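S.K.: Let me begin by handing over the structure; questions about it come next.
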Amino acid sequence: MSITSIFARSAERRATVSADDGVELAVREYGRRDADLTVVLVHGHCLRTESWADVRDALLRENPGARVVCYDHRGHGDSAAASRQSYNLEQLGHDLRDVLDVVAPAGPVVLVGHSMGGMAVLTYVSQNQHEVGTRIVGVGLIATAASGLADAGFGRLLRHPIIAGFQAAVRRAPRLMQQAKRVACTVFAPVVRTAEFGNRKVSARVLALAYAMHNETPIVTMASFLSAFMTYDRTDALPALSTIPTLVLCGSADLMTPPSHSVAMAAAIDYADLVMIDGAGHSVILEQPVEVARAIARLITRAGDTDSAATAAFALAA
């Protein structure tokens with residue numbers, strides 16, 4: 001694991017972190033380098049760091065002393081493509097570990113994940129439960145689930161035979177399917193809008209950003225992760241989160257990961273802060289960034305109450 005390049009551009013600092021299999025991950029850092037606590041924002045499937053832009057900016061306005069880190073998953077955004085076999089949640093958990101080891105090797109960390117990012121966070125927690133309460137002092141789970149993705153909402157489509165056929169077609173002819181994807185994204189834009197956003201009016205800028213991120217994601221990346229979603233189950237990580245401040249947030253009109261997932265997670269975590277944003281959909285971080293930032297700010301405040309103890313415990317563990 002190493003930083004192969006880093007430079008500053010206004011308030012943004014860029015880095016490249018090498019994952020354990022050599023895949024290069026694009027990392028962005030904002031705020032104070034010497035902040036007492038690091039907040040890591042982990043994006044969702046077919047999105048990228050930019051999906052957090054409005055939440056990140058609102059968070060830094062309200063918390064000028066914070067340090068915020070974002071990164072693109074393998075095969076997404078500015079991160080490198082990888083083998084199809086590595087597009088799974090276990091690997092995303094390892095990637096998160098590699099990013100943390102480089103950009104936040106010491107000091108307390110709050111992890112916040114949206115959609116697949118939340119699943120990556122839960123996978124990391126499951127893989128590193130000894131760090132909960134020491135290195136990891138707070139967790140935010142936004143529009144995500146701990147299991148049963150194929151049991152509710154649009155997730156039921158994961159079990160439809162057309163998904164298996166789609167994945168097989170991508171394996172056989174990825175270039176042809178990439179071309180077809182561009183056409184399909186235009187044709188099915190209204191469906192995407194319904195699936196991603198709730199019943200509130202969404203600005204043209206937000207829609208354009210969402211469509212651009214989906215359109216730019218390679219078809220192999222998009223298709224390969226679907227298999228991981230069908231078998232995903234990280235309910236084993238939830239009890240550990242009872243020992244640290246945890247935020248569970250969703251939109252009431254989320255069709256991708258319906259509120260039932262968030263309610264189930266919150267019920268399994270003692271003292272979880274359950275926030276449901278009325279009318280928001282799966283892209284709640286784009287729809288209602290200020291409300292999401294406020295909820296994360298409360299999480300940071302709660303986690304800050306344990307900063308000193310966590311820092312001391314982490315130092316001893318190290």
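S.K.: Count, please, the residues in segment 284-318 that happen to be surrounded by fewer than 19 Cβ atoms within 10 Å (Cβ to Cβ), modelled with pLDDT of 90 or more and closer than 18 Å to PRO108 by Cβ.
M.R.: Residues in segment 284-318 being surrounded by fewer than 19 Cβ atoms within 10 Å (Cβ to Cβ), modelled with pLDDT of 90 or more and closer than 18 Å to PRO108 by Cβ: 4 in total.
S.K.: Here's something else I'd like to know. Sort out which residues of segment 76-90 are buried (at least 21 other Cβ atoms within 10 Å of the Cβ) and more than 14 Å from the chain's Cα centre (by Cα), and write them in order of number.
M.R.: Selection gives SER79, ALA82, TYR87.
S.K.: Here's another thing I want to ask about it. Restricting to segment 252-283, name every residue that is surrounded by 17 or more Cβ atoms within 10 Å (Cβ to Cβ) and modelled with pLDDT under 95.
M.R.: ALA253, ASP254, LEU255, MET256, THR257, PRO258, ALA280, GLY281, HIS282, SER283, listed by residue number.
S.K.: Hey, any hits in segment 122-144 for a residue that's within 15 Å of VAL27 (Cβ to Cβ) and either in contact with a Cys (Cβ under 7 Å, 6 or more places away or on another chain) or crowded, with 24+ Cβ neighbours inside 10 Å (or both)?
M.R.: Checking segment 122-144: not a single residue is within 15 Å of VAL27 (Cβ to Cβ) and either in contact with a Cys (Cβ under 7 Å, 6 or more places away or on another chain) or crowded, with 24+ Cβ neighbours inside 10 Å (or both).
S.K.: Counting only residues that are in contact with a Leu (Cβ under 9 Å, 6 or more places away or on another chain), under 22 Å from GLY22 (Cβ atoms) and of a type in the set (Phe, Trp, Tyr), give me the strands (runs of 3 or more DSSP E) lying completely in segment 46-149 with at least 1 of them.
M.R.: 67-71
S.K.: Here is a list of conditions, (1) closer than 23 Å to LEU286 by Cα; (2) at pLDDT 95 or above, and SER242 meets all of them except one; can you say which number that is?
M.R.: Going through (1) closer than 23 Å to LEU286 by Cα; (2) at pLDDT 95 or above one by one, SER242 breaks only (1).
S.K.: Going by what's in this entry, would ASP21 be described as touching a residue at least 60 places away in the same chain (Cβ under 8 Å), farther than 25 Å from ASP305 by Cβ and more than 20 Å from the chain's Cα centre (by Cα)?
M.R.: yes
S.K.: Determine the pairs where a residue that is touching a residue at least 24 places away in the same chain (Cβ under 8 Å), located within segment 230-250, has a partner that is among the basic types (Lys, Arg) and outside any loop (DSSP other than H, G, I, E, B) with Cβ atoms under 8 Å apart, the partner being 6 or more residues away or on another chain.
M.R.: MET230/ARG159; PRO245/ARG302; LEU247/ARG298
S.K.: Is it fair to say ARG13 is outside any helix (DSSP H, G or I), touching an Asp or Glu at 6+ places or on another chain (Cβ under 7 Å), surrounded by 16 or more Cβ atoms within 10 Å (Cβ to Cβ) and modelled with pLDDT of 95 or more?
M.R.: No, not satisfied.
S.K.: Which of the residues spanning segment 227-251 are out of contact with any Ser or Thr (no Cβ under 6 Å at 6 or more places or on another chain) and surrounded by 18 or more Cβ atoms within 10 Å (Cβ to Cβ)?
M.R.: Hits for segment 227-251 are ALA228, PHE229, TYR232, LEU238, ALA240, LEU241, ILE244, PRO245, THR246, LEU247, LEU249, GLY251.
S.K.: Looking at segment 31-51, which of its residues are surrounded by fewer than 20 Cβ atoms within 10 Å (Cβ to Cβ) and either of a type in the set (S, T, N, Q) or free of Cβ contacts under 8 Å to residues at least 40 places away in the same chain (or both)?
M.R.: Residues satisfying the conditions are ARG32, ARG33, ASP34, ALA35.
S.K.: Return the pairs, sorted by first residue and then second, in which the second residue is part of a loop (DSSP other than H, G, I, E, B) and of a type in the set (A, V, I, L, M, F, W, C), the first residue lies in segment 86-113 and is closer than 14 Å to GLN127 by Cβ, the beta carbons are less than 6 Å apart, and the residues are 6+ apart or on different chains.
M.R.: That search, which allows pairs on different chains as well, returns ASP95/ALA19; ASP98/MET1; ASP98/ALA19; ASP101/MET1.
S.K.: Looking at GLN127, is it among the polar types (S, T, N, Q), touching a residue at least 12 places away in the same chain (Cβ under 8 Å), farther than 21 Å from LEU37 by Cα and touching a His at 6+ places or on another chain (Cβ under 8 Å)?
M.R.: Yes; evaluated as a whole, the condition is true for this residue.
The values are calculated or read from the model by the stated rules, or taken from the named source; none is laboratory data. Predicted model, so just to flag it, every value in this text is computed and none were measured. All Cβ positions, glycine included, derive from the backbone under ideal geometry; neighbour counts span all protein chains shown.
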